[in-house]
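**Student:** Take this structure first; my questions come after.
The values are calculated or read from the model by the stated rules, or taken from the named source; none is laboratory data. This one's a predicted model, so the numbers in the text were calculated from it and none came from an experiment. In this analysis, Cβ positions are derived from the backbone assuming ideal geometry, glycine residues included, and neighbour counts consider all displayed protein chains.
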Amino acid sequence: MRNKLFSAINIVGLAISMSVGLLLIAFVLDLRSYDRFHKNGEQIYRITSVASFQGEQGGKFSSTSLKTGKLIREKVTGVEEVATLRNDFSADAKVGDHILPIKGLWAEPSLFGIFTFPMLEGNPETALRDPYSVVLTETAAKKLFGNQSAVGKAVKFDTLDYQVTGVMKDVPFFSHISFEALVSLSTAGQLNKQDKNFENWTNMFSNSVYLLLPEKADLSFIRSQLDAIAKQENLADEKTKIQLELLPLNDIVVGESLRSGSMSGSSGPHIPTAVLWILGGLAFIVILSACFNYTNLSIARAMRRFKEIGLRKAIGAQKGQVRQQFFAEAIMISLAALFLSYFIFLVLRPQLISMAPEMQRTVKLDLTPAMVAAFVFFSVTVGVIAGLMPAIFFSKVSAIHALGNVSSVKVFKHLTLRRALVVVQYTVTLIFITTTAVGYAQYKNILAFDLGFNTENILNINMQGNKPDALLKELSEMPEVSAVSRSLIVTSVGNAWGGHMKYKDSRDSALVLTNHVDEKYLPLHGYKLLAGSNFIARPTTAAAAREVIVNEQVLKRFNLGSPEQAIGKEVIFNSFRITDRKMTIVGVMKDFHYGKVDNLIEPAAFMFWTPEDGAIVNAKIQSADMLATMAKIESTWKKIDRVHPFKANFYDQEIEEAYSEFSTMIKIIGFLSVLAISIASMGLFGMVVFTTETRLKEIGIRKVMGASSSSLIFLLSRGFLILLSISALIALPVTYLFFEKFVLTNFPYHTPVQIAELFAGLLLVLVIAFLMIGSQTLKAARSNPVDVLRSE
């Protein structure tokens with residue numbers, strides 16, 4: 001209470017920094033809550049596929065094949081239960097005239113024996129046994145049937161009737177598996193009877209296999225059996241090799257990053273452990289900055305407390321008792337800060353959740369008893385860290401030297417402890433700020449990067465299973481729409497489609513990324529043809545599509561010569577839908593970025609779109625009132641489809657969303673930068689106030705001897721500016737090397753880090769620091785020497 005300013009700086013600084021810790025604790029606790037409601041969660045494992053493809057990039061996949069589940073059930077001993085999920089179910093549920101878009105999964109009956117999904121109606125052991133049977137969640141059943149019992153009734157998906165054999169409780173929010181309906185997997189088998197690859201060992205991009213093991217299962221024995229299965233099955237395919245691994249259920253959401261196949265869709269929320277460590281490290285640095293403030297100000301006030309400590313020791317206080325006193329003070333300050341930081345946490349929580357769409361689907365950050373306990377424990381820990389240095393420092397003070405000079409405490413040869421802490425604190429702050437500035441500049445460069453085609457004012461409309469003809473006709477009649485085309489996917493935002501291509505009878509093949517487009521797609525997007533022409537034929541079936549337009553990388557990969565020489569040559573294309581199809585090169589286009597800009601430009605090709613393909617309608621908009629135009633297009637959509645919501649995004653928006661992880665990280669680091677500079681500035685302000693107070697007599701004498709205000713400001717601020725300069729000499733090279741050697745190496749087409757980006761953060765820090773130092777030193781320099789020296 002005697003030192004209100006210093007106490008306020010410590011409490012507010014710790015509260016601001018601790019709010020970051022509270023957010024991180026709540027975030028981690030939410031992630032650790034996933035799948036904990038399953039009764040046998042510790043015994044559940046998911047199969048991971050470690051695949052390698054001849055001449056292509058492999059990796060670990062979260063999915064596996066249907067055959068894997070079948071073989072494990074037949075050949076692996078020591079497994080209590082096996083269940084396979086397939087995630088390519090996509091159809092609207094229809095009951096009478098009521099149509100409802102529904103998220104469903106194909107599943108085996110054994111799913112209910114592994115996971116704890118309570119059934120409200122129906123028998124969980126038999127509900128998914130027969131073909132064309134479906135289990136609905138409670139909410140889905142109410143949407144379709146109201147308050148009537150759904151069991152025994154029929155639901156139409158596409159043209160087929162499915163019988164509702166069960167109703168289960170809604171899937172909890174913290175479940176990595178999310179669905180509104182489970183459809184018997186045996187149905188998928190019947191619907192895909194003609195597909196030879198449906199149960200193929202290498203068809204691993206749409207299925208997940210889960211195992212329930214006994215309590216004391218021999219994991220090494222089970223792994224050896226999985227290795228034996230993989231060794232046997234890999235003999236049938238020279239190009240693809242797959243190994244099987246076990247992944248514990250509790251490591252699915254927080255754990256190793258796994259790739260999803262192009263057909264696997266979303267496999268639920270996932271945060272790599274490395275990301276949590278990075279976020280934890282950043283939060284720790286911000287909290288440490290506030291602890292430095294506490295240490296700095298505590299030691300700065302040492303002159304006033306030396307007599308107190310000396311007196312305590314003179315009447316018998318031991319070192320441990322002095323340490324306890326300072327730890328108790330620090331913990332009390334920290335608990336006071338916790339009260340304030342909780343209110344800051346409540347303000348920041350919705351901001352964090354709304355930072356990215358994925359965040360809203362992943363965490364809630366609601367207060368729980370476990371979270372409250374974690375917050376209090378965290379607060380006490382911060383108090384101990386903050387009080388550690390002062391406790392050690394003051395406990396070493398002897399009663400004899402109680403009036404000694406605190407500045408004699410050295411860390412390095414010429415730096416006192418307080419100066420060292422200021423340098424470290426401002427170095428960290430500068431690294432945060434310059435990282436934000438450089439990261440933001442690089443992010444903007446990525447969004448403005450020349451992809452090799454035009455994206456401006458192009459609206460991509462997802463047809464969601466509808467035929468595009470009616471919408472194309474309506475759009476082409478609108479004066480605001482200058483051109484329309486069709487495509488299978490939207491490129492350059494992370495989507496991928498493709499297969500293997502080879503030239504003539506060569507056994508050498510290469511992965512070629514593809515998109516199926518119509519004849520209007522290339523001119524609408526401004527692709528540059530180097531040779532040949534646009535599509536000539538207009539096939540109406542996929543089997544009849546024999547023309548292909550390739551990029552320059554295809555020519556280099558197969559040594560096809562110049563663009564002119566490549567025209568007319570035949571290539572053979574294979575994919576999961578196309579087998580040994582001979583295709584003629586009718587055009588060669590300039591290289592473009594099919595993937596994101598953190599990928600190298602790869603061989604890519606366009607094939608003709610046919611009605612068998614899914615459709616994205618691309619519309620070039622030219623309008624002075626985009627909101628009115630969008631409303632007009634949406635009303636047109638509702639005429640065509642009254643069930644599905646209008647799903648459309650401008651190409652530039654989709655590119656922004658594709659790099660949302662990058663922008664989210666920049667926002668987080670930017671937010672931490674604001675906190676770091678706020679905390680550092682408060683600490684600097686406290687130090688300046690203390691320094692000027694202790695040098696008032698010196699200032700008075702200098703003024704009597706004729707010193708000017710400007711010379712006094714320079715004298716008082718010189719030491720702080722030197723410390724900031726040392727911080728800049730450390731922080732700027734570190735930030736530059738961090739980006740050039742680590743971050744930007746992942747972006748082969750990045751722009752070099754600019755000097756202006758580095759110095760922008762430094763300039764901001766210097767301006768704030770100068771205001772802090774200047775305001776107090778000017779006040780001291782203008783003080784009347786008579787008031788200070790009259791009692792001397």
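**Student:** Is it the case that segment 753-761 has a residue that's at pLDDT below 85, surrounded by 13 or more Cβ atoms within 10 Å (Cβ to Cβ) and either among the aliphatic types (A, V, I, L, M) or in a helix (DSSP H, G or I) (or both)?
**Tutor:** Residues of segment 753-761 at pLDDT below 85: 761.
From the residues that got through so far, the ones that are surrounded by 13 or more Cβ atoms within 10 Å (Cβ to Cβ) too are 761.
Filter once more, keeping what is either among the aliphatic types (A, V, I, L, M) or in a helix (DSSP H, G or I) (or both): 761.
Yes.
**Student:** Under the condition of being surrounded by 22 or more Cβ atoms within 10 Å (Cβ to Cβ) and in contact with a Pro (Cβ under 7 Å, 6 or more places away or on another chain), which residue from segment 584-612 is farthest from Asn197 (Cα to Cα)?
**Tutor:** Among those residues, the one meeting the criterion is Val588.
**Student:** Condition first: crowded, with 16+ Cβ neighbours inside 10 Å and in a strand (DSSP E or B). Now tell me which residues in segment 463-502 satisfy that.
**Tutor:** Hits for segment 463-502 are Val481, Ala483, Val484, Ser485, Arg486, Ser487, Gly498, Gly499, His500, Met501, Lys502.
**Student:** Whether any residue in segment 766-785 is assigned to a helix (DSSP H, G or I), aromatic (Phe, Trp, Tyr) and surrounded by 17 or more Cβ atoms within 10 Å (Cβ to Cβ) is what I want to check.
**Tutor:** no
**Student:** Let me ask you something else. As an exercise: evaluate Thr381 against (1) modelled with pLDDT of 90 or more; (2) closer than 30 Å to Glu657 by Cβ; (3) among the hydroxyl-bearing types (Ser, Thr, Tyr) and give the number of the one condition it does not meet.
**Tutor:** Among (1) modelled with pLDDT of 90 or more; (2) closer than 30 Å to Glu657 by Cβ; (3) among the hydroxyl-bearing types (Ser, Thr, Tyr), Thr381 violates only (2).
**Student:** Considering each of Leu128, Leu144, Leu136 in turn, give the residue that is among the aliphatic types (A, V, I, L, M), in the same structural domain as Ser178 (by TED's automatic domain parsing) and assigned to a strand (DSSP E or B).
**Tutor:** Leu136
**Student:** Output the strands (runs of 3 or more DSSP E) that fall wholly within segment 1-114 and possess 3 or more residues being over 30 Å from Ser509 (Cβ atoms) and touching a strand residue (DSSP E or B) at 6+ places or on another chain (Cβ under 7 Å), or say none. It would help to see each step written out before you state the result.
**Tutor:** Details: elements: 44-53, 56-61, 81-86, 90-95, 98-107.
Of the strands (runs of 3 or more DSSP E) lying wholly inside segment 1-114, those with at least 3 residues that are over 30 Å from Ser509 (Cβ atoms) and touching a strand residue (DSSP E or B) at 6+ places or on another chain (Cβ under 7 Å) span 44-53, 81-86, 90-95, 98-107.
**Student:** On to the next question. For segment 763-783, give me the residue count where each residue is within 19 Å of Val688 (Cα to Cα) and either touching a strand residue (DSSP E or B) at 6+ places or on another chain (Cβ under 9 Å) or without any contact (Cβ under 8 Å) to a residue 12 or more places away in the chain (or both).
**Tutor:** Looking only at segment 763-783, we keep the residues that are within 19 Å of Val688 (Cα to Cα), and these are 764-783.
Those still in the list that are either touching a strand residue (DSSP E or B) at 6+ places or on another chain (Cβ under 9 Å) or without any contact (Cβ under 8 Å) to a residue 12 or more places away in the chain (or both) too: 767, 771, 775.
The number of residues fulfilling the criteria is 3.
**Student:** Cβ-Cβ below 7 Å, separation at least six or inter-chain, first residue in segment 618-629 and touching a residue at least 60 places away in the same chain (Cβ under 8 Å), second assigned to a strand (DSSP E or B) and of a type in the set (Ser, Thr, Tyr): which pairs?
**Tutor:** Taking only residues 6 or more apart or on different chains, the pairs are Asn618/Ser485; Asn618/Ser487; Lys620/Ser482; Gln622/Ser482.
**Student:** Collect the residues in segment 722-746 that are without any contact (Cβ under 8 Å) to a residue 12 or more places away in the chain and of a type outside the set (A, V, I, L, M, F, W, C), keeping them in residue-number order.
**Tutor:** Result: Ser725, Pro733, Lys741, Thr745.
**Student:** Which members of segment 113-155 meet the condition of being among the aliphatic types (A, V, I, L, M) and crowded, with 17+ Cβ neighbours inside 10 Å?
**Tutor:** Ile114, Ala127, Leu128, Val134, Val135, Leu136, Ala140, Ala141, Leu144, Ala150, Val151, Val155
**Student:** Being farther than 28 Å from Asp227 by Cα, surrounded by 15 or more Cβ atoms within 10 Å (Cβ to Cβ) and out of contact with any Leu (no Cβ under 9 Å at 6 or more places or on another chain), is that true of even one residue in segment 63-84?
**Tutor:** no
**Student:** Taking into account only those residues within segment 317-338 that are part of a helix (DSSP H, G or I) and of a type in the set (Gly, Ala, Ser), which is surrounded by the fewest Cβ atoms within 10 Å (Cβ to Cβ)?
**Tutor:** Gly320
**Student:** Quick one: which residue in Ser220, Ser208, Ser224, Ser178 is in contact with a Ser or Thr (Cβ under 7 Å, 6 or more places away or on another chain) and among the hydroxyl-bearing types (Ser, Thr, Tyr)?
**Tutor:** Ser208
**Student:** Here are some conditions: (1) outside the structural domain of Met607 (by TED's automatic domain parsing); (2) touching a residue at least 40 places away in the same chain (Cβ under 8 Å); (3) out of contact with any Lys or Arg (no Cβ under 7 Å at 6 or more places or on another chain). Ile489 meets all but one. Which one does it not meet?
**Tutor:** Only one criterion in (1) outside the structural domain of Met607 (by TED's automatic domain parsing); (2) touching a residue at least 40 places away in the same chain (Cβ under 8 Å); (3) out of contact with any Lys or Arg (no Cβ under 7 Å at 6 or more places or on another chain) is unmet by Ile489, namely (1).
**Student:** Being within 30 Å of Asp598 (Cβ to Cβ), touching a helix residue (DSSP H, G or I) at 6+ places or on another chain (Cβ under 7 Å) and of a type outside the set (D, E, K, R) is the requirement here; does Leu764 meet it?
**Tutor:** Criteria met by Leu764.
**Student:** Related question: If you take the residues of segment 627-640 that are out of contact with any helix residue (DSSP H, G or I) (no Cβ under 9 Å at 6 or more places or on another chain) and under 11 Å from Ile461 (Cβ atoms), which of them is surrounded by the fewest Cβ atoms within 10 Å (Cβ to Cβ)? Lay out the reasoning, then the answer.
**Tutor:** Taking segment 627-640 and keeping what is out of contact with any helix residue (DSSP H, G or I) (no Cβ under 9 Å at 6 or more places or on another chain), we get 627-632, 634-635, 638.
Among the residues that remain, those that are also under 11 Å from Ile461 (Cβ atoms) are: 630, 634.
Values: Met630: 17, Glu634: 13.
The qualifying residue surrounded by the fewest Cβ atoms within 10 Å (Cβ to Cβ) is Glu634.
**Student:** Could you say whether any residue in segment 574-583 is crowded, with 18+ Cβ neighbours inside 10 Å, over 25 Å from Asp450 (Cβ atoms), without any contact (Cβ under 8 Å) to a residue 40 or more places away in the chain and touching a helix residue (DSSP H, G or I) at 6+ places or on another chain (Cβ under 9 Å)?
**Tutor:** Within segment 574-583 (the criterion being crowded, with 18+ Cβ neighbours inside 10 Å, over 25 Å from Asp450 (Cβ atoms), without any contact (Cβ under 8 Å) to a residue 40 or more places away in the chain and touching a helix residue (DSSP H, G or I) at 6+ places or on another chain (Cβ under 9 Å)), the answer is yes, since at least one residue qualifies.
**Student:** Which condition number in (1) assigned to a strand (DSSP E or B); (2) out of contact with any Asp or Glu (no Cβ under 7 Å at 6 or more places or on another chain); (3) of a type outside the set (Asp, Glu) is the one that Asn460 fails?
**Tutor:** Going through the list (1) assigned to a strand (DSSP E or B); (2) out of contact with any Asp or Glu (no Cβ under 7 Å at 6 or more places or on another chain); (3) of a type outside the set (Asp, Glu), Asn460 breaks only (2).
**Student:** Tell me yes or no: at least one residue of segment 293-309 is under 33 Å from the mean Cα position of the chain (by Cα), assigned to a helix (DSSP H, G or I) and either modelled with pLDDT of 85 or more or within 30 Å of Ile679 (Cα to Cα) (or both).
**Tutor:** Checking segment 293-309: at least one residue is under 33 Å from the mean Cα position of the chain (by Cα), assigned to a helix (DSSP H, G or I) and either modelled with pLDDT of 85 or more or within 30 Å of Ile679 (Cα to Cα) (or both).
**Student:** So Phe221 clears everything in (1) more than 26 Å from Leu31 (Cβ to Cβ); (2) under 34 Å from the mean Cα position of the chain (by Cα); (3) not in a strand (DSSP E or B) except one condition, right? Which one?
**Tutor:** Status for Phe221: all satisfied but (2).
**Student:** Quick test for you: out of Val586, Val597, pick the one residue that is in a strand (DSSP E or B) and on the phi < 0 side of the Ramachandran plot. Don't jump to the end; show me each part of the working.
**Tutor:** Values: Val597 fails: in a strand (DSSP E or B).
Testing whether each residue is in a strand (DSSP E or B) and on the phi < 0 side of the Ramachandran plot leaves just Val586.
**Student:** Just to be sure I understand the filter: pairs with C-beta atoms under 9 Å, separated by 6 or more residues or on different chains, first member in segment 691-702 and within 19 Å of Ile299 (Cα to Cα), second member charged (D, E, K, R). Which pairs pass?
**Tutor:** Thr692/Lys779
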